[in-house]
Structures are given as C-alpha cells and as structure tokens.
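Each value in this text was obtained by applying a stated rule to the coordinates, not by laboratory testing. Since the structure is predicted, the reported quantities are computational estimates derived from the model, not experimental observations.
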Amino acid sequence: MSEKEDLAKQKAEAAAKAKAVALARKKAKEEAAEKPEGEMDIAKQKAAAAAKAKAAALAKKQAKEETAEKPEGEMDIAKQKAAAAAKAKAAALARKQAKEETAEKPEGEMDIAKQKAAAAAKAKAAALARKQAKEETAEKPEGEMDIAKQKAEAAAKAKAAALARKQAKEETAEKPEGEMDAAKQKAAAAAKAKAAALARKQAKAEAAEMPEDEMDAAKQKAAAAAKAKAAAAAKAKAAAAAKNRTAVQESEEVDTPSEISPNQSKLDQIVSAIESHVGQGALLENYINRLSKNVPTLVANPDTYFSIAKFLRYDEQLDFSYLSELHGTDFESHMEIYVHLHSFKMNQSVALKVKLDRDTPVIPSLVPLWSGANWPECEAYDLLGINFYEHPDLKRILLGEDWKGYPLRKDYEPYDVEV
C-alpha cells in the first residue's frame, strides 16, 4: 500500500471519529434537555464513562494495528511510550476528578479527602517503586543486586526520616508550647534509647566477631576498670567521712563547757608532775574527755611517749600500775595509739594517746612496763600494721603470716577481690 493510501485512510478514520463524537455530544444534549437535573447528572456520568470506554477501545484497536506492522524493537519502545502516556493520562484524569470532587466538598471533608489522596498516592508510588526495583534486580548480577539493595534501603531510610521530620513540623506547628516541650523530651528520650540499642547491637556484633582470647581480655579489662572505679569512689567517700569524723571528734573533745570537771585538779597534778620530770615539751596537749566519763587525757609527743608512760608507771605519787586497754585506730590522716591506765593509789584513770605517721607507724612497745600490753600490741600490728619495736614477740595473732594487707585500715582491699 502506498503512502498516499495510508494518509487517506488515516484521514478517513479521523473524520469518522470526529463525526461519531459530535453525534454523541448532540444526542447527549438532546437527552439532557428532556431529563430533570438529578437524572442529567447520572446521564452525564454514564455518557462520560461510555465515551471513555469507547475512546479506550479505539485507542487499543489503533495500537494493535500499529504494532502489527512494527518490528519487535520498535514495539517495545512503543509499549513503553504507550504505558507512560496511559499513566500520565490516568494521573491527569485523577487530578481533574479530585479537583471536581473537592470543589463540591466542605472544608472538613476536603482535608480528609486530601489525606486519603496523599496516602493513596504514596502507596501507589511505593508499589510502583517496588515493581520497578524488582524488574531492575531481575536483570542485575548478585554483586550489583546487594549494592542496589543497600542503596534502596538507604534511600528508603532517608525518605522515611524526611517524611517523619515533615510530619513532626506540621504537628508541632499546631501544638501549644507546653505540648511541644513534652514532645521534644519524648523525641529526645526515644533518640537516646535508639542510640543505646544501636550501641548494644554494635557491641554484640563486634563481640561475635572477636576470637575467644580477645573477648576474655576485653572482659578482664572491663572488670578491672569497674573495680578501679568502685575503689576510687570508695576511697573518696571514706576520706570525706574520715574528715567529718575527725572534725566532730576534735570539736567534741576540745570543747570546754562552763562547768569545771571534778577531775580537772587531778589532770593539773599529773601534767605538772610530767613537765617537771620529763620536760616542758613532753606533752602536745591535755584535756578532760567529757565523752568518756571525764577521764583526763594526755596527748604525748612520739619521741617522749615511752618516757611519759614509764613515769606514770613508776612514780610513787601517781603509780598507774594497771593497763586496762590498748588499741590502735586509722584516722586516714594519721594512726593513733590509745592507752587506758588506772592508779589504785590515786583511785584515778588516765588516757595516754600518741599520733603516728600513717605510712611508717612505729612506736616503742609498752610490754617492758606492763605485761598486759603484749596481746593488744600484737593485735594492732596484725590488723593495722603498727610496728612496736622492742616487743618481745611481735607477731600476727588473728591472721596468718602470709596474709597480705591490714584489714582495719580504711583503704584495705582484699588480695583476692572475688572472695
């Protein structure tokens, strides 16, 4: 068939189509003129639907005729073009129909309709994207498919995040200030929880990839760090508590009330005798300890501690022949020895104290003066590490000789922390 005959045929078909459309419109007008308004709307809808169906059938027929004459390569391109044109036509028709429907709807229904249309459009776009992705992945090798999946996941996450931000902005624009603050706090808490979960997941993943030896080493390091942190916190807490105790104790001991103690005259007598026989600087301090039955208390210089104790023991006027107590105390800033003596001749008790350097607590033994100091000094040596030189048999009496550390020290840590 020649080109002229093809052209003539196409013109004849176009003229027939135009004539059929004009005839259909004329007939529709005549029928509409005779029908009431309600029936006219239905008739319009029917006529529009019939016209669409007829146009679609005619387009299909024409497409078939054209594709029958085309080679296979051109047919694929024609199919893609036809599909794209059909999609564009359907989208335009949907937009037109939506505009017509929204023009007749009140504002509340229009918002709902918009939301529904937006949701439908999103669903349609997502379905189309999935279909397209499937078609593309079907043609790709395995390596490219993995990269494509990762890219698709990243794009989906980015799209979801952008949509969430947009929706959050729209919601916050409508919320009052109080609700916005609460929403921000919730969002921050959710973000923190998500980050923590991600960190735990990542840690698990890393641990799963580690060999067994490295995992054990990591566990040991973590346990050691936790123990060191706990020990540092305990030391700081103990130091603060010790400072408070020392301050309270000193303030209570040194506090001098308005009433004179009945033992004040005896304390003055003992202090005067010590200064006369031992020396003026032999005592660092002296006072009445009202928290301990008003006992006269003497604080000796470490260099004169033994001399003062010997004078109290053998002086004929004082004669403190009985040692009732001896113990040591760790004040963290220093060590202290407390000795409680009693004189049957004076019918009076006295306390003798001495402060020692905490790092090297060394003091003469009182066993040569009072044999009752033997076991108390061994106990102070065993539990606090105070060394009493010239003791006849200084040894650990509660713990073994191979025991590490001194349990009554404030900074004591067991050698085996697991026990």
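Return the long-range amide H neighbours of GLU325 (sequence gap of 5 or more, or a different chain), with a cut-off of under 5 Å between placed amide H atoms.
HIS340
Suppose a student asked you for the relative contact order of the stretch 277-411, using Cα pairs under 8 Å spaced at least 6 residues apart; what percent would you report? Could the numbers behind the result be given before it?
Working: 258 pairs, mean separation 26.2, N = 135.
Once normalised by length, the contact order is 19 percent.
Hey, can you grab everything whose amide H is under 5 Å from the amide H of LEU298? Only 5+ residues off in sequence or another chain; H modelled, so Pro and N-termini drop out.
ALA351, LEU352, LYS353
Taking 2.2 N^0.38 Å as the expected size of a compact globular protein, what ratio does the Cα radius of gyration of the stretch 289-419 give against it, to two decimals?
On the way: Rg = 15.7 Å, N = 131, 2.2 N^0.38 = 14.0 Å.
The reported ratio for this selection is 1.12.
Name the long-range amide H neighbours of ILE397: under 5 Å, sequence gap of 5 or more, or other chain; modelled H, no Pro or chain starts.
For ILE397, whose amide H was placed from the backbone, the distant partners under 5 Å are ASP382.
Once you've got the Cα coordinates, tell me which of LYS131/LYS194; LYS122/LYS166; LYS131/LYS157; LYS9/LYS46; LYS243/LYS395; LYS11/LYS46 are over 20 Å apart.
Working: LYS131/LYS194 31 Å; LYS122/LYS166 15 Å; LYS131/LYS157 18 Å; LYS9/LYS46 31 Å; LYS243/LYS395 31 Å; LYS11/LYS46 29 Å.
Flagged as over cut-off: LYS131/LYS194; LYS9/LYS46; LYS243/LYS395; LYS11/LYS46.
Through the Karplus equation 6.51 cos²θ - 1.76 cosθ + 1.60, θ set to phi - 60°, convert the phi angles of the stretch 353-364 into ³J(HN,Hα) values in whole Hz; use x for Gly and Pro.
10, 8, 9, 10, 5, 6, 6, 10, x, 10, 8, x
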